[in-house]
1. If I model a spin label as a point 7 Å beyond the Cα along the Cα-Cβ vector, how far apart are those points for residue 156 and residue 84 in nm?
2. How would you classify segment 92-143 from its alpha-carbon gyration tensor, with a ≥ b ≥ c the square roots of the eigenvalues: rounded for a/c under 1.5, else prolate if a/b is greater than b/c, otherwise oblate?
3. Divide the volume of the convex hull of the Cα atoms of segment 19-98 by its number of residues and quote the answer in cubic angstrom per residue.
4. Consider a paramagnetic label point 7 Å from the Cα of residue 53 along Cα→Cβ; state which residues of segment 77-101 have an amide N under 16 Å from it.
5. Quick one: plug the Kirkwood hydrodynamic radius of segment 155-245 (C-alpha pairs) into Stokes-Einstein at 37 °C, 0.692 mPa s, and report D in µm²/s.
6. With 10 angstrom as the radius, rank 32, 140 by how many other C-beta atoms surround their C-beta, starting from the fewest.
7. Find the Rg to Rh ratio for segment 43-200, where Rh is the Kirkwood radius over alpha-carbon pairs and Rg uses the same atoms.
8. Apply the Debye scattering formula to segment 192-239, with a single equal point scatterer on each alpha-carbon and no solvent, then give log10 I(q)/I(0) at q = 0.20, 0.22, 0.30 Å⁻¹.
């Protein structure tokens with residue numbers, strides 16, 4: 001007659017602890033990783049950074065939920081990898097575009113100041129050259145005489161514009177104060193940046209104007225010109241402002257530029 005099963009026999013019936021247990025991979029972890037990889041395109045398009053932030057948040061939430069359900073689902077590695085890629089897409093692209101934006105606005109600002117200096121010095125031929133796009137300047141070999149010969153009618157119209165008429169007799173001691181960026185947009189393969197200045201006229205001490213210029217620049221993929229070339233796309237706005245009642249603080253050298261004498 002057999003004896004009843006003992007406690008040890010019952011323990012032998014339970015599966016060993018190291019036995020493989022299948023756990024399905026989380027679908028959300030896979031989707032988060034795929035989405036995170038796609039957001040790497042934010043290095044090319046800054047608008048995708050917002051999507052990258054959203055994917056990063058979803059990946060973090062997915063990782064937290066997988067940690068709580070680690071006995072049921074696999075995929076924690078994929079979720080962590082999605083977080084890492086999301087951080088690269090978010091922080092890396094933001095830093096890259098910020099540096100690029102700072103460099104572009106600085107170049108556009110300097111170009112606008114040179115343009116205003118040239119107008120104030122009454123050097124209209126050179127100012128008109130700064131209004132011509134880089135492709136046309138390259139065709140004319142950046143020669144002022146050739147540009148005026150080809151676009152004489154445009155030059156006549158340029159001389160009648162409000163900004164030209166107002167600033168051309170400003171005087172070599174006029175000053176230009178940079179006020180900031182009014183906006184920027186990428187069109188036709190070019191960056192268009194609105195630059196805001198305050199111009200204090202030397203020949204008329206009580207005259208102060210605020211000018212907004214559209215400065216455009218780009219690089220030729222076909223190699224028509226070297227490097228990034230800028231031009232003034234248009235004189236967008238000019239208005240007279242009241243002179244301050246008290247003496248304004250002295251501007252720093254970076255903010256105020258003296259106008260050189262007109263070229264002979």
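Just so you know, all these numbers are worked out from the coordinates, no wet-lab data involved. In this text the structure is predicted, and so the values were computed from the model without any measurement. All Cβ positions, even for glycine, are placed from backbone atoms using ideal geometry, and neighbour counts span all protein chains on display.
1. Once both label points are built, they end up 6.9 nm from each other.
2. oblate
3. Details: hull volume 5.3 nm³, N = 80.
Per residue, the Cα convex hull of segment 19-98 comes to 66 Å³.
4. 86-98
5. Numbers: Rh = 14.7 Å.
Roughly 223 µm²/s, to the nearest whole number.
6. Working: 32 28, 140 18.
Lowest count first: 140, 32.
7. Values: Rg = 25.3 Å, Rh = 19.9 Å.
Rg/Rh: 1.27.
8. Values returned for q = 0.20, 0.22, 0.30 Å⁻¹ are -0.71, -0.78, -1.02.
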